[in-house]
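J.: One structure, pasted below without further comment.
Nothing in this text is a laboratory measurement; each read-out follows from the coordinates by a stated rule. None of these values were measured; they are calculated from a predicted model. As a convention, Cβ positions derive from the backbone with ideal geometry for all residues, glycine included, and neighbour counts pool all protein chains shown.
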């Protein structure tokens, strides 16, 4: 489990806000590609650690929620702001042939990669035609 | 895409030359276009905060490892350069493609003189945080009034 370390030196090391906090939601950029074995989803979730990601599958809908670490502005004055602290949320409807029981996911440098394997019984099979 | 932007101590930042302003507008248009077309968030967005003694700059750099980031402080300018390439799958079919490779160079005009020896940076989870301290000789000093 990731532990936030309280250090005295940094003025405003970003920290992960609690789940209850009311951050607005934004849509993260995603890439999705497929081959005959799986569908792969990659999403940009800058500032989100492994612990800040929630992936759920409910009634065939995959939902990604990423809560990033944000700067506790406290006494700091913003002088330039291109993005507002926000939670990343995105949902996808899964195709019937995907096995939502064996989804795997990992985070690398703020990029989430989810692999959804196809069900074994949905992969194309070659059926031999027997001579009568 | 190479982009630069300037800022000053005031919330409504000024720009020092027309090219910077054009660049800022292009960037805004670019972002609006991306928002409209894909509904997705742009990369390498930057925020800066300061108090009396320090400046904190955070930049969203998803998919960029620490090795691909360079930070420089020259005079009153902090520069951040970063790039990411995206590897396409060897085989397979795209269903959606919104993430983009980028090569970005951002500059931040420092609101005060800084001691570059005290600068610290951390790249974690695709978020770069740079902290610089105000130079000791540049900090406001209280001058005591002596009783006559």
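J.: Of everything in the stretch A:41-69 that's facing chain B (nearest Cβ under 7 Å) and in a strand (DSSP E or B), which residue is surrounded by the most Cβ atoms within 10 Å (Cβ to Cβ)?
T.: Within the stretch A:41-69, the match that is surrounded by the most Cβ atoms within 10 Å (Cβ to Cβ) is A:44.
J.: I need the full set of residues from the stretch A:77-132 which are closer than 30 Å to residue B:122 by Cβ and free of Cβ contacts under 8 Å to residues at least 60 places away in the same chain, in order please.
T.: Across the stretch A:77-132, the qualifying residues are A:77, A:78, A:79, A:80, A:81, A:82, A:83, A:104, A:105, A:106, A:108, A:109.
J.: Shifting gears a bit: Could you tell me how many of the residues in the stretch B:59-76 are assigned to a strand (DSSP E or B) and buried (at least 16 other Cβ atoms within 10 Å of the Cβ)?
T.: 5
J.: Within the group B:98, B:81, B:91, which residue is in contact with a helix residue (DSSP H, G or I) (Cβ under 7 Å, 6 or more places away or on another chain) and surrounded by fewer than 21 Cβ atoms within 10 Å (Cβ to Cβ)?
T.: Matching residue, one of B:98, B:81, B:91: B:98.
J.: Go through the stretch B:87-122 and count every residue that is at the interface with another protein chain (Cβ under 8 Å from one of its Cβ atoms), in a strand (DSSP E or B) and over 30 Å from residue B:137 (Cβ atoms).
T.: Of the residues in that region, 5 qualify.
J.: Hey, can you tell me all the residues within the stretch B:101-122 that are crowded, with 17+ Cβ neighbours inside 10 Å and farther than 23 Å from residue A:14 by Cα?
T.: Result: B:102, single match.
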